[in-house]
1. With respect to Arg515, determine if the residue is modelled with pLDDT of 95 or more, out of contact with any Lys or Arg (no Cβ under 7 Å at 6 or more places or on another chain) and under 26 Å from Val192 (Cα atoms).
2. Restricted to segment 533-584, and to residues that are within 17 Å of Phe403 (Cα to Cα) and β-branched (Val, Ile, Thr), which residue is most open to solvent (accessible area, probe 1.4 Å)?
3. Please specify each residue of segment 192-221 satisfying the condition of being outside any helix (DSSP H, G or I) and among the polar types (S, T, N, Q).
4. Restricting to segment 623-654, count the residues that are touching a helix residue (DSSP H, G or I) at 6+ places or on another chain (Cβ under 6 Å) and touching a residue at least 60 places away in the same chain (Cβ under 8 Å).
5. Does any residue of segment 56-74 turn out to be open to solvent by less than 70 Å² (accessible area, probe 1.4 Å), among the β-branched types (Val, Ile, Thr), at pLDDT 90 or above and closer than 30 Å to Leu160 by Cβ?
6. Tell me the residue from Ser164, Ser145 that is open to solvent by 30 Å² or more (accessible area, probe 1.4 Å) and either closer than 21 Å to Leu230 by Cβ or in a loop (DSSP other than H, G, I, E, B) (or both), please.
7. Could you give every pair whose Cβ atoms fall below 6 Å, whose first residue belongs to segment 518-539 and is in contact (Cβ under 8 Å) with a residue 24 or more places away in the chain, and whose second residue is crowded, with 17+ Cβ neighbours inside 10 Å and in a strand (DSSP E or B), counting only separations of at least 6 or pairs across chains?
8. If you go through segment 385-405 one residue at a time, how many are closer than 15 Å to Tyr225 by Cβ and either surrounded by fewer than 22 Cβ atoms within 10 Å (Cβ to Cβ) or not hydroxyl-bearing (Ser, Thr, Tyr) (or both)?
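The values are calculated or read from the model by the stated rules, or taken from the named source; none is laboratory data. Given the structure is predicted, the values throughout are model-derived calculations rather than measurements. Cβ: placed from backbone, ideal geometry, glycine included. Neighbour counts: every protein chain shown. Ligands, DNA and RNA are stripped out before the accessible areas are found, and what is left, the full protein with its side chains, is counted by its heavy atoms. Shrake-Rupley method; radii C 1.70, N 1.55, O 1.52, S 1.80 Å.
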Amino acid sequence: MIVAEKKKKQGRNDPCACGSGKKYKKCCNGIIRVPESQHMRISSLIQEALEYHKAGDLEAAEKIYHHVLSLEKNNADALHLLGEIAYQRKDYERAVDLIQQAIDINQTSSVVYRNLGNALRETGKHEAALNAFNYAIDLKPDYLSAYENLADTIKRSNRLDERSLIYLMKGFAQKGIRPESKYGILVMLGYVIESSCEWNETIFEECILPATEDALDRGDHLFAYYLNALTAVSYAQQPHTSEQWRECHALTNPMYILAGEKLSENLEDLVLPDVSRELPVLGFIIDLSIGSGSGAVLLINLLKGFSKLSPLPFQVIVYALDTVSIEMQNTCAKIGVKIVNLSTLRGKLSLETDLSQRLLTLRAEIQNDKVSALVYPGTYEAFPCMAASMGLAPVQIYLSLGFRSIFVPKIGGYVTTGSPVKSKKEFEGRWWRTAPIPHADIYSETGNPEADVCDEEVCQIREKNFSRYSVILGTLARPQKIENPLFIKALARLLRANSKAIFLWFGPKELSGVREMMEAEGISDRCLFQGWVDIKIYAKLIDIHMDSFPFPTALAMYDSMSAGTAGVWMEEDSDIGVGSNVMPLLRSELGTKEEQIEAQEMYRHPETGKCLALCARSTDEYIKYVQRLIDDIPFRNALGDAGRRFMKRFCHDPRIAAKAYAAHFLEIIDCESKR
């Protein structure tokens, strides 16, 4: 019999479940009748068998369990543990039978019901498995493994019913389960970028939104933050467009803003620092989302640029919500920037479910340091929405790698990267200040000898792996950026027209959706996934960087330009992407007259005098431009050289970006102080 509901406790006068025909009190209720000495013997044997079992000696353990059953034929522990051995041997039907026997006798342990659920799941009986996990949770509401197994079974059955949802939500509310473990439950549920958009949409609507509201109401701010982070790396990028990101966060950001406003209700007013006699203090906060990756790269390069400005018009302090990367520590130590690591003040954040207490500590530190403005270099939007709404500093600034739809009433200014010159642009009814992305030259920063080694490695990889191909196309980006039928169809047309061309794509793992589209187009054999690679090597290895669309690459395109690699841009979205930021300068729509002339000279064809830059406005034009680069090697080299010169002039000098950002920050502080 497969468990479906809680079992009624067997009465002493009921027929015994073993089938003997006797009453239970005169049969398997043997614990009353078995001599105490035999009980001790059986207990000792079970412990001995468990030691063998845990050590992996299943045969020795099995023999002892059977011996126990010869002494007491209805010993529930022995039957359950024999069921575990059957499960380990992948004899799932027998595992179900044995564990069910243990339950039928007298077994009410949450572990036993979870193990029954695991065995049922492997036999394909998902509904019965879900019931077993739910019963295990009823017995032990903070049983993490049961929630994980429940989530995995839901994922396998590809169906989230109302009862399963109720139990998942119960797990998310358990104080005994750490926030990062609740995050893990969602990962096991399949809320990851590799899952289908339809599945993630269901999880977002049925789990994420109600769980976020519930977590914030309960004060479990760290778990709420994890929910936002998980959405940012999964459903918010399906498809990878500005619209998808905006639609997801339009539903969640107001919750975090409201939570921050509630946390600020009983706080004392901030004491405004007197900056009339000394330099203002500018703080930067490292939240959990920018411990590594592009957000950290942006901040590190910006800090390096500030160190080269003389005089720097403000003091700089870096606040870390949790641990700080070694690179960030070394950078700050080298340039003399103070780091306030909140994990040394309140312990590891992962051990604290109350994120608000960490933010209150941060607010006090900011007051003690007389900070004039706090900058949020945000990647995920939950943190600046909640923290800024608390009012952590007199002036608060949001710094992004691209234009976002985020709006927080207590944020005084919005700054983004991308524009090669200092400028200002209206986006969704708000003014954004833009500036060059601080981008270190990865080829000259460590000296010429290393650059020579890089060139040698490029030649070796090309000769070893790609010598049979005449041209290497590639998109240096996360794989979800090319998970678009329009892009894959354009790539297919190019590969079919050029039999000696190959396409390389990258990322932490291969996305099945991308591979399936490549297979459908018949180009899978010439689309080679490379995993994560050394950008310094592969930016030089590829001959043509095909910018992704409709959501373009950014930092990676700058890397390929730094390498002197030619690329084709798509100007579909006027707010993001390298092409959409460089072309206005080349068209004299942005920057000073001097900056326009410099950029235009760099991209002027040495023979025809025409602009070398290739920024397509349609898929057909995009294909035409890539084909031109394939056919015309001198033109390809000229475009690569132009990109390299452009990067050297507008992006590689850290002082240029630092000066632009410093001016933006001071202007925002000045504007906000006059309100």
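1. Considered against the rule, which asks whether it is modelled with pLDDT of 95 or more, out of contact with any Lys or Arg (no Cβ under 7 Å at 6 or more places or on another chain) and under 26 Å from Val192 (Cα atoms), Arg515 comes out as yes.
2. So the residue we want is Ile576.
3. Once the filter is applied, which keeps residues that are outside any helix (DSSP H, G or I) and among the polar types (S, T, N, Q), segment 192-221 yields Ser195, Ser196.
4. 8
5. No, the conditions are met nowhere in segment 56-74.
6. Ser145 is the lone residue from the list that is open to solvent by 30 Å² or more (accessible area, probe 1.4 Å) and either closer than 21 Å to Leu230 by Cβ or in a loop (DSSP other than H, G, I, E, B) (or both).
7. Short answer, once both residue conditions are applied: Met518/Cys527; Arg526/Ile502; Cys527/Phe503; Leu528/Leu504; Phe529/Trp505; Gln530/Leu504.
8. Residues meeting the conditions: 5.
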